[in-house]
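Nothing in this text is a laboratory measurement; each read-out follows from the coordinates by a stated rule. In this text the structure is predicted, and so the values were computed from the model without any measurement. Please note: Cβ atoms are built from the backbone with ideal geometry, for glycine as well, and neighbour counts cover all protein chains shown.
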Amino acid sequence: MARAKTTHTMVKLISAAKTGYEKWFNIPRSTPRMNLILYDPRAKRHCLFTEDKKRRVAERPPKDYSRSHR
């Protein structure tokens, strides 16, 4: 009996300050790659946190903000 895939996945975010501090988030699978600015207690400041592990994310077409009809 095959198990169904879950709709959420665990993602590890690592601090860009190279302190080794990491945070884990449970997010929906369909979300794009995450980059967050969060507090890093080892660096004692807010830093950029980026996804560590590569995961397959569906490519979204770029949004067209022009006013043209077609």
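A few notes on this one:
- Number of the exception - F25 against (1) outside any loop (DSSP other than H, G, I, E, B); (2) surrounded by fewer than 11 Cβ atoms within 10 Å (Cβ to Cβ): (2)
- Counting the residues of region 37-70 that are aromatic (F, W, Y) and farther than 30 Å from Y21 by Cβ gives 1.
- Within region 6-51, considering residues that are among the basic types (K, R) and touching a residue at least 12 places away in the same chain (Cβ under 8 Å), the one nearest to P62 (Cα to Cα): R33
- Residue list for region 14-70, filter: more than 24 Å from A4 (Cβ to Cβ) and hydroxyl-bearing (S, T, Y): S15, T19, Y21, Y39, T50, Y65, S66, S68
- Residue check for R33: part of a loop (DSSP other than H, G, I, E, B), surrounded by 10 or more Cβ atoms within 10 Å (Cβ to Cβ), in contact with a Phe, Trp or Tyr (Cβ under 7 Å, 6 or more places away or on another chain) and not β-branched (V, I, T): no
- Residues that are touching a strand residue (DSSP E or B) at 6+ places or on another chain (Cβ under 8 Å) and surrounded by fewer than 13 Cβ atoms within 10 Å (Cβ to Cβ), drawn from region 51-70: D52, K53, R55
- Lone qualifier among A43, A2 - being assigned to a loop (DSSP other than H, G, I, E, B), small (G, A, S) and surrounded by 13 or more Cβ atoms within 10 Å (Cβ to Cβ): A43
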